[in-house]
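Structure first, then comments.
The values are calculated or read from the model by the stated rules, or taken from the named source; none is laboratory data. Please read these numbers as outputs of a predicted model, since none were measured by experiment. Positions of Cβ are backbone-derived with ideal geometry, glycine not excepted, and every protein chain shown enters the neighbour counts.
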Amino acid sequence: MKRWSIRGYDKNKVAELKARCDLSELTLKVLNSRGYKELDDIAALFNDNKITSPFDIKDMKEAVDAINYAIDEYQLICVYGDYDCDGITATAILFDYLNNIGANVMYYIPERADGYGMSIKAVEDLAERGVSLIVTVDNGISAIAESERIYELGMKLVVTDHHQPLDKLPRAEAIVDPHRKDCASKYKDLAGAGVALKLCIALNDGNVEMIMEQYSDLCALGTVADIVPLIGENRVIVRSGLKFMQNTENYGLDKLMDASQVKREQLSASSISFQLAPRINASGRFGSPLTAVKALLADDPDDAENYVETLVTLNEKRRSTEQEIYTAILKYIDKKPDMLAKRVLILAGNNWHHGVIGIVAAKLLELYGKPVILLSIDENKIARGSARSVPGFDIFKCLSYANGEDNILDHFGGHECAGGLTVKADKINELMKRVYDFASRFELMPTVVTECDLVLEPGDITISNVKDLQLLEPFGASNAKPVFAVVGARLDRIIPLSQGKHTRLELTYGDRKLNAVMFGTAPDQLPVIEGARIDLAVNAEINVYSGSESISLRCIDCRMSGLNQERYFNAMDCYDKYISGDELPASYLKRISPSREDLVKVYKALSQIKETSFDLLYSLTISPEMNICKLRLIIDAFSETGLASYLPSSGRVKLLPVSQKVDLESAKVLTELRNKL
């Protein structure tokens, strides 16, 4: 079960705003819950449709002068990009613009195996190829040694980047990065592709319209993929990009949308996130990023189609490899269930594909609600890792603590919720020890949270209200699609879809009959039962079928109504501590020690349904006497004595046939608990 956080809104303020504008009351409730208190704030959100002057960014004029000089002298310019979707689209944007205006230009993108950013070897290779000016996109701000080598070799450098700078800046003709401390530009959150776009605008004498028409589609692709905030200028870029993307003149992007089965009339930021960007990123993960660049720069539709076919194949390989690693980890967890009691999940495997372990770590974080570090050990006994975390548990600080004064990590970096590291295999055990020690300092561990904007009232659920929410698009980071809490609905029917891959819930909510679809969840995985009162976290959408419009609810999460989540998570944390061997107060031990009546109650509940999810079993047995820690210990006792099986990886509990009387009190887990009492 995930923790829910439901924001509220000021009814009086919403009524005041409703009297002064034509937005629906539901849209105003959402905006108010997100901190938009005054009409001017809301107006700024909707009227922010301008791209500010690129020359507001520090060193933009110097960058333009250096590039124009190289163009005039017909010097070879190299656009130096990065292998992710943001870096690939930024490379395509700047290269195409310079090529179209007659520059002598080439591009270079390192392979993933070469590592992120510039390298001395690449710089030296470019010098041998006759490059005079290197212009970085989506990298370069930390290339201190590389920049010195560039000038030693007689070349020049222009840096364009959007990452946080170090205290020392590289040597360059210009360093264009909105995050520079001495940069006075008001908007800081551009992606690498956004900085490249603004450089093109500056090179085009500040003519925004032509550059936006030509490149905002590619820029939107990179911006959404890089998960930068979709507010301010990024919102303008993505909104423009989605408009031009529907009828794009870019052959590669056009073929990619066809191959990804994107519905152009319903094109959104989600289309980019889940359909287009993964295929672009697959080139850097499983092939060469050059394939994606060539697709986006193709001037022949047949060439573009061939490159896109390769991207699709690489993405299928990525998905297959990702699933293999994910499945292997789940099987390992079933063999070593105690590892789930640790506050941070740390796993290492031999030769896991480094291109996907970050994705797998994110899936495990979502499944288990706790920070994850995955390490892939190569044949040289060097482990490269990816880490994912939740707000409140800073994974970068965690890695910094683990590195210690003796620097056991070869490399590490990141921010609060994501990081990367390299460590020698013989240091992994020490790394784990230090990570666990860092996590132990939290009284209660942060966990994955389902954020809801507000409680959706039955009267809010109208077609006009839901359509009005579309005015808030494009949705993305810092402007998420509204999530509503439906509280106390009656679950009338559970209906399997697509051979049980998905589930439709038929609900009665007040005087409304509603349908909610839960994708990727089978009916037997639900923590709810027919006839019960349940809570749901949902997106509200408009469904169009045969010209008729209806409201569709997309269910993100659901649970039985009335659950005390603080009690749940406190007791779950108690179980983890107990299994990990931590000392617990006697009062805690008494509350988690099951009586005979508790054992009988759980057995009877399980006898009625035979197999179920652990959370549903908890919902069916909940009482003032029953807590989640006690239930986990009961299921451990059932598993130990052969009454039931429990799969920790999926949380599935199944009653097993027994041929003789079972003495539950002899279970080791219970005898140890009794002894401690």
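Quick notes on this one:
The rows are residues; the columns are (1) closer than 30 Å to Gly547 by Cα; (2) among the basic types (Lys, Arg); (3) assigned to a strand (DSSP E or B).
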| site | (1), (2), (3) |
| --- | --- |
| Asp437 | no, no, no |
| Thr447 | no, no, no |
| Glu451 | no, no, yes |
| Val466 | yes, no, no |
| Ile495 | yes, no, yes |
| Gly500 | yes, no, no |
| Gly520 | yes, no, no |
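- Hey, Thr27 part of a loop (DSSP other than H, G, I, E, B) and surrounded by 14 or more Cβ atoms within 10 Å (Cβ to Cβ) or not: no
- When Leu507, Leu536 are checked against the criterion of being surrounded by 15 or more Cβ atoms within 10 Å (Cβ to Cβ), more than 29 Å from the chain's Cα centre (by Cα), on the phi < 0 side of the Ramachandran plot and not acidic (Asp, Glu), Leu507 stands alone in meeting it.
- Criterion: surrounded by fewer than 23 Cβ atoms within 10 Å (Cβ to Cβ), β-branched (Val, Ile, Thr) and at positive phi - qualifying residue of Ile227, Ile231, Ile325: Ile227
- Qualifying residue in region 377-390 (condition: assigned to a strand (DSSP E or B), in contact with a Ser or Thr (Cβ under 6 Å, 6 or more places away or on another chain) and modelled with pLDDT of 95 or more): no
- Taking the criterion of being surrounded by 15 or more Cβ atoms within 10 Å (Cβ to Cβ) and closer than 18 Å to Ala113 by Cβ, the residues of region 375-402 that qualify are Leu375, Ser376, Ile377, Ala383, Arg384, Gly385, Ser386.
- Members of region 332-372 that are among the aliphatic types (A, V, I, L, M) and under 21 Å from Gly581 (Cβ atoms): Ile333, Met339, Leu340, Ala341, Val344, Leu345, Ile346, Leu347
- Subset tally (residues that are over 16 Å from Ile231 (Cβ atoms) and part of a helix (DSSP H, G or I)) for region 34-60: 5
- Leading residue by the ranking (nearest to Gly419 (Cα to Cα)) among those in region 95-126 that are of a type in the set (Val, Ile, Thr) and in a loop (DSSP other than H, G, I, E, B): Ile109
- Of all the numbered requirements in (1) modelled with pLDDT under 95; (2) surrounded by fewer than 22 Cβ atoms within 10 Å (Cβ to Cβ); (3) of a type outside the set (Val, Ile, Thr), Gly284 misses one, and that requirement is (2).
- Among the criteria (1) touching a Ser or Thr at 6+ places or on another chain (Cβ under 6 Å); (2) surrounded by fewer than 20 Cβ atoms within 10 Å (Cβ to Cβ), the one Glu249 does not fulfil is (1).
- Segments classed as helices (runs of 4 or more DSSP H), wholly inside region 538-613, with at least 1 members that are within 26 Å of Thr521 (Cα to Cα): 565-579, 596-609
- Looking across region 231-262, the residues that are over 20 Å from Leu471 (Cβ atoms) and either touching a residue at least 60 places away in the same chain (Cβ under 8 Å) or in a loop (DSSP other than H, G, I, E, B) (or both) come down to Asn247, Thr248, Glu249, Asn250, Ser260, Gln261, Val262.
- For region 523-539, the condition holds for no residue, the condition being that it is under 22 Å from Ser271 (Cβ atoms) and touching a Ser or Thr at 6+ places or on another chain (Cβ under 6 Å).
- Enumeration of residues in region 403-435 that are of a type outside the set (A, V, I, L, M), within 23 Å of Tyr116 (Cα to Cα) and outside any strand (DSSP E or B): Asn403, Asn407, His415, Glu416, Cys417
- Residues in region 138-169 that are in contact with a strand residue (DSSP E or B) (Cβ under 7 Å, 6 or more places away or on another chain), touching a residue at least 60 places away in the same chain (Cβ under 8 Å) and not basic (Lys, Arg) were compared, and the one that is nearest to Ile77 (Cα to Cα) is Val158.
- Whenever a residue of region 106-117 is in the same structural domain as Gly140 (by TED's automatic domain parsing) and at pLDDT 85 or above, its partners that are in a strand (DSSP E or B) and among the aliphatic types (A, V, I, L, M), lying with C-beta atoms within less than 8 angstrom and at least six residues away or across chains, give the pairs Met106/Leu76; Met106/Ile77; Met106/Val79; Met106/Val131; Tyr107/Val79; Tyr108/Val79.
- The lone exception for Cys417 - which of (1) under 20 Å from the mean Cα position of the chain (by Cα); (2) within 27 Å of Tyr568 (Cα to Cα); (3) assigned by TED's automatic domain parsing to the domain that holds Val538 it fails: (3)
- Qualifying residue in region 105-113 (condition: loosely packed, with under 13 Cβ neighbours inside 10 Å, within 28 Å of the chain's Cα centre (by Cα), over 13 Å from Leu199 (Cβ atoms) and not polar (S, T, N, Q)): yes
- From the list Glu213, Glu233, the one residue that fits, being charged (D, E, K, R) and closer than 19 Å to Thr160 by Cβ, is Glu233.
- Given (1) outside any loop (DSSP other than H, G, I, E, B); (2) surrounded by 13 or more Cβ atoms within 10 Å (Cβ to Cβ); (3) out of contact with any Lys or Arg (no Cβ under 7 Å at 6 or more places or on another chain), number of the condition Ala15 does not satisfy: (2)
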